[in-house]
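Below are the structure tokens for one structure; questions will follow.
The values are calculated or read from the model by the stated rules, or taken from the named source; none is laboratory data. Values in this document were obtained by computation on a predicted structure and should not be read as measured data. Ideal geometry is used to build each Cβ from the backbone, glycine not excepted, and the neighbour counts take in all protein chains shown. In case anyone asks, the SASA skips ligands and DNA or RNA and just uses the protein heavy atoms, side chains included. Shrake-Rupley method; radii C 1.70, N 1.55, O 1.52, S 1.80 Å.
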Amino acid sequence: MSQQLGTLEDLPEEYRAAMTEAGVAPLWPMMRNVLPHGAPNPVTKPGYWNYDAIRPLLIQAGELTPVEKAERRVLVLSDPGRGAGAMQATASIYLGLQLLLPGETAPAHVHTPSAVRIVVEGKGGFTVVDGEKLPMEEGDLVLTPGGEWHDHGHEGSEPVVWLDALDLPLFVYLEGSYAEEGPLQSQRNRPDASQVEYLSSGLAPVRRPGESARKYPMMRYPWGRTEQALRQMAAYTDGPIELDYVNPETGEAVLPTMGFTAMMIGAGDALEPVLKSSSAAFHVIKGSGQVTINGETLTYGPKDTFTAPVFANMSFSAADETFMVRVHDRPLQEKLGYYEERAR
Ligand SMILES: [Fe+2]
């Protein structure tokens, strides 16, 4: 196998000009950029967003820009590897912090990318998806899958902030990203499916022959239950305390491309996960500690967010009991057939 491939400069200038004129280029000088040996060479750099630093800017956005002028009042978390303004936090994951003030509504729309909201603070916010009103409480995970109409409202008295995670970069790359707008949805007068059909893990509603479950049967995953489940896992299991958010009917990931994993690390505990081919964003629900990502150490606190590129080498050290939600692209990679884990 050749180690040293020919460069552009090896070629006569006249030949290079003729290639440009003909709209072609030689592959071999660029080959290693797109097919490096052994492992990908990510553009994504580890990112860290301190909530205490961002919150005042969000509140100011609420004063400077009425929701009607923003449609979605969001500060985007840009990948440091791609620079300020990048509409992505990793190659496949977009992250934004969204503010909704009391009485405001974010109008109904539908789009091709899928989104998840992880509620950061505030009471009284809600999302309506396909007529189902989903309350938004701290730590809740709320789905608005691609192709589903959704709007947001706020019946409380304090600002509501949530973290948006979307597979938007994929849809932009595929030139498949677009939205349509519509009137606010009328809401069904009943609690969401997490409080009715899927109140208890392992139980699903009986259906008549030929009747199928909704594609996205449960669109809200209340944090209280997730934390309780993690604590119970911690009491009876060794090793990483992690639970995947799944579709309660199929056991599959909740969305086609994005996966979500709830994590717990005990106070004073360390975690050294295997290297994963998936990129990830970590949102701290509560707790504090340190994490080293590819040699860079950062200190995290409640409501902070940080990202890790593919095959990142990570070490966590929790000062306080830590709960996090990991957003990742493992479901996409599994569908494409290349998800992989490697020993450290
Ligand atoms: Fe949306």
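Take segment 180-210 and flag every residue that is open to solvent by less than 60 Å² (accessible area, probe 1.4 Å) and either of a type in the set (Gly, Ala, Ser) or within 16 Å of the ligand (Cβ to nearest atom) (or both).
Selection gives Gly182, Gln185, Ala193, Ser194, Ser200, Ala204.
Does segment 313-331 hold any residues that are surrounded by fewer than 22 Cβ atoms within 10 Å (Cβ to Cβ) and among the aliphatic types (A, V, I, L, M), and which are they?
Met314, Ala319
Restricting attention to segment 146-174, which residues are part of a helix (DSSP H, G or I) and touching a Ser or Thr at 6+ places or on another chain (Cβ under 6 Å)?
Pro169, Leu170, Phe171, listed by residue number.
If you take the residues in segment 101-115 that are of a type in the set (Val, Ile, Thr) and within 11 Å of the ligand (Cβ to nearest atom), which one is farthest from the chain's Cα centre (by Cα)?
For segment 101-115, the residue satisfying everything is Val110.
Only one of (1) open to solvent by 60 Å² or more (accessible area, probe 1.4 Å); (2) within 15 Å of the ligand (Cβ to nearest atom); (3) outside any loop (DSSP other than H, G, I, E, B) fails for Met87. Which number is that?
Looking at each condition in turn, Met87 falls short on (3).
Next up: Take segment 138-160 and flag every residue that is away from the ligand (no atom under 16 Å from the Cβ) and either closer than 21 Å to Pro256 by Cα or buried (at least 24 other Cβ atoms within 10 Å of the Cβ) (or both).
If the condition is that a residue be away from the ligand (no atom under 16 Å from the Cβ) and either closer than 21 Å to Pro256 by Cα or buried (at least 24 other Cβ atoms within 10 Å of the Cβ) (or both), then Asp140 is the only one that fits.
So is Arg231 of a type outside the set (A, V, I, L, M), part of a helix (DSSP H, G or I) and out of contact with any Phe, Trp or Tyr (no Cβ under 7 Å at 6 or more places or on another chain) or not?
yes
Which residues, taken from segment 116-130, are part of a loop (DSSP other than H, G, I, E, B) and either crowded, with 22+ Cβ neighbours inside 10 Å or within 16 Å of the ligand (Cβ to nearest atom) (or both)?
Selection gives Asp130 alone.
For segment 272-286, what are the residues that are open to solvent by 10 Å² or more (accessible area, probe 1.4 Å), touching a Ser or Thr at 6+ places or on another chain (Cβ under 8 Å) and assigned to a loop (DSSP other than H, G, I, E, B)?
Matches in segment 272-286: Glu272 only.
Condition first: more than 21 Å from the chain's Cα centre (by Cα) and surrounded by 15 or more Cβ atoms within 10 Å (Cβ to Cβ). Now tell me which residues in segment 232-252 satisfy that.
Those that are more than 21 Å from the chain's Cα centre (by Cα) and surrounded by 15 or more Cβ atoms within 10 Å (Cβ to Cβ): Met233, Ala234, Glu249.
Here is a follow-up. If I ask for residues that are part of a helix (DSSP H, G or I) and open to solvent by less than 50 Å² (accessible area, probe 1.4 Å), which ones from segment 218-228 would you list?
Trp223, Thr226, Glu227
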